[in-house]
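Heads up: the structure comes next, in structure tokens.
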Amino acid sequence: MTGFLALLSSLIWWVLFGSIGAVLPSAIAWIVLRWSEGAPVVFNRTYLACLIWSLLTLLIGASAAAHVGITRPPLGPLLASGAFRISLVLSMLMGVVALWRLIPRVDARRIRIGSACVAVAVVMAVVFGIATTLVSA
């Protein structure tokens, strides 16, 4: 019973941190998609796509950190590891697919895959900039 409760608690915290972590990327992606598409996009679907992307990124990033063996600060060597770089590339690919498949424009057409790529690139640039600033501090 204790193991079940620990697993349930871990899943609740994973979803909670994932949903908190999806707020800023979804706001950035929504602004970029409105600009690149030239038409309004649905924000709640943008948040859903970023939430799914965030949950999968947390899962892949944690498994890459466990694989490398760096799960506590300092995290500088983790950013330089090949496994973590591969996890970032996989994260970006999953982000493009999630945004492209889940976000419609208000005229019910799907966004272009190029717009999804631009949105993911901007989100990753901002988040990576913030992460490297926090790691080097």
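Tilt of helix 82-102 relative to the longest C-alpha principal axis of the chain, in degrees (0 to 90, nearest 10)? Compared with the principal axis, the helix lies near 30 degrees. Could you compute how fast segment 1-82 diffuses translationally, taking Rh as the Kirkwood radius over C-alpha pairs and applying Stokes-Einstein at 37 °C with viscosity 0.692 mPa s? Give it in µm² per second. Approximately 222 µm²/s, per Stokes-Einstein. The share of Cα pairs per 10 Å bin across the chain, counted from zero up to the longest distance, runs 12, 38, 32, 15, 3, 0 percent.
Based on the Kirkwood approach, the hydrodynamic radius assigned to segment 36-110 is 13.7 Å, with every pair of different Cα atoms included.
FYI, it's all coordinate maths here, none of it is from the lab. In this text, all values refer to a predicted model and were calculated from it rather than measured experimentally.
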